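I have placed the structure first, in the form of structure tokens, so that the comments after it can refer back to it.
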Amino acid sequence: MLTQRELVPEGSATAKARDYSLKRWVALTRYLEDGAVPIDKNQVEDLIRTWALGRSNWLFAGSLRSGKRAAAFMSLIQSARMNGHDPYAYLKDVSRESGAIHARLAVSAAVAFINFVSETHRYREASESQR
């Protein structure tokens, strides 16, 4: 790669691309050293796509405090999904175990949010299957 880089004119788009790759060579080849490391990050991108799509909808939560609450719910919901749990049942169980009145009320408020996220996810899956 270094010898090929020397053949490319300085300042060209190809030179910039090669310089970019050379600066990140260790990270770009990490998957060769450990078979458990994926070659791409598609799985992670698929997991966060729903949240990224909805980010503009949730940007204005009303206040900083509301935004922090929404972020906490998003984290709980996604953690439940990543661990193979039903988010609604998980939040319901968490509220029952904690005994907090606010948590019980929050579960009912989160149901609408979960339904919205689930519908977004189903829509995305349907549109991808039609491709």
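Here the calculated FRET efficiency for Tyr31 and Ala52, from their Cβ-Cβ distance with R0 = 30 Å, stands at 0.80, rounded to the nearest 0.05.
The Ala15 and Val44 beta-carbon pair, evaluated with R₀ = 22 Å, returns a calculated FRET efficiency of approximately 0.10. Here the peptides 87-95, 4-12 are ranked by packing, the mean other Cβ count within 10 Å, and the order with the highest first is 87-95, 4-12. Label-to-label distance, Asp93 versus Leu2, with points set 7 angstrom from Cα along the beta-carbon direction: 5.5 nm.
Rule-based calculations on the coordinates, nothing more; no lab input. In this text, all values refer to a predicted model and were calculated from it rather than measured experimentally. Neighbour counts run over all protein chains shown; Cβ positions are idealised from the backbone, glycine included.
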